[in-house]
Amino acid sequence: MMMKFFDQIKYDWEPVVIRKKAPTSAARKDEKAVNAARRAGAEIETVKKSTGGTNRAASSSTSLNTRKLDEDTENLTHEKVPTELKKAIMQARMDKKLTQAQLAQVINEKPQIIQEYESGKAIPNQQIISKLERALVVLLTYQDSKETCLCSDAYET
């Protein structure tokens with residue numbers, strides 16, 4: 001029975017060539033690969049990387065109110081942090097004996113954001129103001145309508 005099996009086996013004597021895998025997308029983006037493609041005369045397309053997957057939308061002061069700015073025909077400026085709010089943030093931070101960098105680390109934002117809020121240059125973002133309220137244990141309620149800016153020590157304990 002075993003002999004029948006061996007008689008039926010056919011041998012393939014063709015040479016087998018084992019090659020490397022095709023380059024991955026990371027290898028194709030490598031500077032060496034791009035330079036080799038340039039030398040070979042291949043077409044190289046350069047595409048600007050989008051800001052997807054980053055935390056720029058919450059902290060960037062340029063992209064928050066662009067639609068409002070486009071629709072506004074008379075007043076062509078962004079809304080800024082009111083004086084009462086920036087003074088309340090500074091006072092609460094000083095009461096807690098925190099530096100701007102320490103406060104930024106507590107609320108998980110860049111120190112530049114705290115500097116912009118305290119100097120009045122930032123565009124008010126309710127998310128960041130809420131983080132500041134929780135970190136400083138102070139009520140800094142700011143609404144988009146220019147009428148309401150309640151800055152008090154309501155959370156003081």
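Read-outs: derived from the displayed coordinates by stated rules, not from any lab. Everything numeric here is computed off the predicted structure, so don't read it as measured data. Positions of Cβ are backbone-derived with ideal geometry, glycine not excepted, and every protein chain shown enters the neighbour counts.
For the reader, a short list of remarks on this structure follows.
- Derived scalar couplings ³J(HN,Hα) [the stretch 129-136; Karplus, 6.51 cos²θ - 1.76 cosθ + 1.60; whole Hz; x for Gly, Pro]: 4, 5, 4, 5, 4, 5, 6, 8
- Of Lys96/Lys131; Lys48/Lys68; Lys86/Lys121; Lys86/Lys131, pairs whose Cα-Cα distance is over 19 Å: Lys48/Lys68
- Protection proxy ranking, peptides 31-38, 99-106, 111-118, average beta carbon neighbours within 10 Å, highest first: 111-118, 99-106, 31-38
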